[in-house]
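Only one structure is covered here, and it is reproduced in the block below.
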Amino acid sequence: MSYPQLLTPEEKLADAKKLLSLPRIVVICGSTRFMTEMNEADLRETKAGKIVVKPGCDMKSPHELWSDPVEAEALKVRLDDLHRAKIRLADEVLVVGDYIGDSTRAEIAYARSLGKPVRFTHPEVDPDA
């Protein structure tokens, strides 16, 4: 007797996106020093008909939410987890900027480990090129 194969969570998500007729979802990654460029990329990707998710906090800019160093470190951990969830949700990744730091390099590796296509605004910075 043969049993049907159970779908992985990733396959269930892909099926749900198809059933809902969702446009492609792109997650923007990169150093928050490139927030202006991220906003421009968001505009262009949105104009192309894609749903865009990107970092929502620029912890390099002063703000009361991360003024306490201990709270800021805890927030950074939560934001990193949140961004990995955005990568899992997305169909593709767009890396913005002409610099790749450790966090962005880790996000690229994570996306590629999940089989997500990764594009670059500056292809010369692709760590695997």
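Would you pick out the residues in segment 75-113 that are over 10 Å from the mean Cα position of the chain (by Cα) and open to solvent by 70 Å² or more (accessible area, probe 1.4 Å)?
Listed by number, the residues that qualify are K76, V77, R78, D81, D98, Y99, D102, R105, R112, S113.
Kindly provide the set of residues from segment 75-98 that are within 20 Å of P127 (Cβ to Cβ), assigned to a loop (DSSP other than H, G, I, E, B) and of a type in the set (D, E), ordered by number.
Once the filter is applied, which keeps residues that are within 20 Å of P127 (Cβ to Cβ), assigned to a loop (DSSP other than H, G, I, E, B) and of a type in the set (D, E), segment 75-98 yields only D98.
For residues in segment 44-74 being open to solvent by 50 Å² or more (accessible area, probe 1.4 Å), among the aliphatic types (A, V, I, L, M) and assigned to a helix (DSSP H, G or I), which is nearest to D15 (Cα to Cα)?
Looking at residues that are open to solvent by 50 Å² or more (accessible area, probe 1.4 Å), among the aliphatic types (A, V, I, L, M) and assigned to a helix (DSSP H, G or I), I get L65.
Need pairs with beta-carbon distance below 8 Å; first residue within 21 Å of W66 (Cα to Cα) and within segment 77-89, second among the polar types (S, T, N, Q) and part of a helix (DSSP H, G or I); sequence gap 6+ or separate chains.
D80/S103
Do we have I108 as in contact with a strand residue (DSSP E or B) (Cβ under 9 Å, 6 or more places away or on another chain) and in a helix (DSSP H, G or I) here?
yes
The values are calculated or read from the model by the stated rules, or taken from the named source; none is laboratory data. Being a predicted model, the structure only gives us computed values, none of them experimental. No Cβ is skipped: glycine too gets one built from the backbone with ideal geometry, and neighbour counts run over all protein chains shown. For the accessible areas, the whole protein counts, side chains as well, though only heavy atoms, and no ligand, DNA or RNA atoms are used. Shrake-Rupley method; radii C 1.70, N 1.55, O 1.52, S 1.80 Å.
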